[in-house]
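Readers should treat all values here as calculations from the given coordinates under stated rules, not as data from a laboratory. Source: prediction; values computed, not measured. Here the Cβ positions follow ideal geometry from the backbone for every residue, glycine too, while neighbour counts run over all protein chains shown.
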Amino acid sequence: MGDFTHRVTDALLRSEMLPVMFRMKFMRMAGYKVATNSCFWAGANLRSKRLTVGGNVFVNVGFFFDGFDTLTIGENVRIGQFVKIITATHEIGPPKQRGTHETIGKAVRIENGSWIGSCAIILPGVTVASGCVIAAAAVVTKSTEPNGLYAGNPARLIRMLPDGGQQEASLLLAETA
């Protein structure tokens, strides 16, 4: 994080001049752990290589990962435009300086099948459980339960989503008809 080589690599990866096919090959050649069928669109700001990305993941424009601690993204995940993943925080200090100097890293995990809406922010130490939907502009401060729809600031459970069972899928289709 912060070294010249990484800054140059990150700037190249963010460029819209680099076609996505070459971007993904270059990321893997540069040491990023990204599955071959996953895609980062232009404008992604990756402040370190402390990330692991599973298969069939799509990360849209403007993605930001601070890179202080690790980020693990499972399979079949969709990440919307301008999503921010923050892994660094500080303890609350005395009145003279509330944000202490020592930075604390807390890993973030996004599990299989999740969808993170545009402009959502995921804070340090959070696990987005499998099958979750995080609404646009939600601020996720705590880990989620599987198959939940979360929205707001701070993000709260709005409702549970079908877990893939045939009966629940039929109910969802009837609900939207």
Subject >> In the stretch 97-155, trypsin sites (Lys or Arg not before Pro) in a DSSP loop with at most 13 other beta-carbon atoms within 10 Å >> reply: ARG98, LYS142
**OP:** Using only alpha carbon pairs under 8 Å that are at least six residues apart, calculate the relative contact order of the chain and give it in whole percent.
**Re:** 12
Original post:
Between SER15 and THR141, what is the label-to-label distance in nm when each label sits 7 Å out along the Cα-to-Cβ direction?
Top reply: 4.1
Original post:
Sorted by mean Cβ packing within 10 Å, highest first, what order do the peptides 113-124, 22-33, 146-157 take?
Top reply: 113-124, 146-157, 22-33
Subject >> Whole-Å distance, taken between Cα centres, linking the stretch 97-157 and the stretch 45-65 >> reply: 15
**OP:** Report, ordered by chain and residue number, the lysines lying within cross-link reach of LYS142, taken as a straight Cα distance under 19 Å and ignoring same-chain residues fewer than 8 apart.
**Re:** LYS84, LYS106
Subject >> For the chain, built as a Gaussian network whose Cα springs stay under 10 Å, the top-fluctuating residue of SER48, SER130, SER15 >> reply: SER15
Original post:
When DSSP beta bridges are limited to those with both residues in the stretch 4-176, what percentage is antiparallel, rounded to the nearest 5?
Top reply: 20
Original post:
Roughly what percent of Cα-Cα pairs across the stretch 4-176 reach past 22 Å?
Top reply: 46
**OP:** Would you calculate the separation in nanometres between label points at ALA35 and THR5, each defined as 7 Å from the Cα along the Cα-to-beta-carbon direction?
**Re:** 2.9
